[in-house]
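The values are calculated or read from the model by the stated rules, or taken from the named source; none is laboratory data. Computed from a predicted model, the values in this text were never measured in an experiment. With ideal geometry, Cβ positions are generated from the backbone for all residues, glycine too; neighbour counts draw on all protein chains shown.
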């Protein structure tokens, strides 16, 4: 039976000048000639056995409804920061992590891997792919200024239907759930790109990891899979306990509230930290990172909780440090992390909350009450 696609749907939207998300009716997007129209899906946890139906209207009671949306700090930043980049629209649908089912294929799609009904992970910023593009031509698609930016200034995935170019689509491995795949598109891919492409971490290194939040806990699993020794700092003891359950030795966990520099000195680890991965980005973590990394070591910056930090020029020059910044990931990164999830090397962490809780979830994220990614679910019974 052919799928009936409605002309409109309800979505969580950003309006310029308004720091609160807006729940409003918008047209269902058209199918891009070089891409797909997808029905957004996700499943997992205690809801995995329930039938899925996209939310078309908040009062729809014709069937059980299940929608899963993933929330992170970036959503709060996009809502509250009106310093727009060139492509930002006055109004757009939020959501930059997603997994969907292909329901229509554009007439110019030539990739025969994809067919109607396939489940795909959606990369929010796949780039424009043009040879003349300064970013895409240098293998920097995630920094492209011209391609579509789903949920980042342009229509994204906090809706029942979304469009994606074929350059942003990765087929789901058979044993990867849609919810895990959605998390992988940003929270895992960003961590993977920082560790493997920018930090170039190898198994014979000792790595120091700041932060076990939505990206950091995935990063911990990636480093563990690589085989490097990892020393971990987080302000929440329960997250350190979770790292211990993952197999990280207690002697490699900095107790919550302890001085990182004292910890390194007391354990004789001076000049032993090859790479620091900072998924926090506060004044303190950036200061500690410069102090503890070895001579000719690497400092990879991913977190941005403090927008400005201080580089100690004498330390940096005398140690000949490499301070590297990392942003997002690419299609090949997403393909790699989906394979790692399929083999059980990474298990993305997601918490479930209600779709109506979106504004409160954003506040809880900023208050440090959320451990990792949030899946927003709304279920209405007959």
Could you please give the count of residues in segment 81-103 that are over 25 Å from residue 183 (Cβ atoms) and either free of Cβ contacts under 8 Å to residues at least 40 places away in the same chain or surrounded by 19 or more Cβ atoms within 10 Å (Cβ to Cβ) (or both)?
1
Determine whether segment 149-159 contains at least one residue that is in the same structural domain as residue 92 (by TED's automatic domain parsing), surrounded by fewer than 21 Cβ atoms within 10 Å (Cβ to Cβ) and over 15 Å from the mean Cα position of the chain (by Cα).
yes
If you check residue 214 against the conditions, is it surrounded by 24 or more Cβ atoms within 10 Å (Cβ to Cβ), part of a loop (DSSP other than H, G, I, E, B) and in the same structural domain as residue 27 (by TED's automatic domain parsing)?
no
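Hey, any hits in segment 270-284 for a residue that's at positive phi and touching a residue at least 24 places away in the same chain (Cβ under 8 Å)?
Yes - at least one qualifying residue is present in segment 270-284.
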Please determine whether any residue of segment 90-100 is more than 18 Å from residue 162 (Cα to Cα) and modelled with pLDDT under 95.
yes
Taking segment 226-242 as the search range and keeping residues that are out of contact with any helix residue (DSSP H, G or I) (no Cβ under 6 Å at 6 or more places or on another chain) and outside any loop (DSSP other than H, G, I, E, B), which one is surrounded by the fewest Cβ atoms within 10 Å (Cβ to Cβ)?
238
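Quick grid of which residues meet (1) closer than 24 Å to residue 213 by Cα; (2) in contact with a strand residue (DSSP E or B) (Cβ under 7 Å, 6 or more places away or on another chain):
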| residue | (1), (2) |
| --- | --- |
| 100 | no, yes |
| 121 | yes, yes |
| 141 | no, no |
| 172 | no, yes |
| 184 | yes, yes |
For residue 197, indicate whether it is in contact with a helix residue (DSSP H, G or I) (Cβ under 9 Å, 6 or more places away or on another chain), at pLDDT 90 or above and surrounded by fewer than 22 Cβ atoms within 10 Å (Cβ to Cβ).
yes
Considering each residue of segment 125-146, count those that are crowded, with 22+ Cβ neighbours inside 10 Å and modelled with pLDDT under 95, and give that number.
0
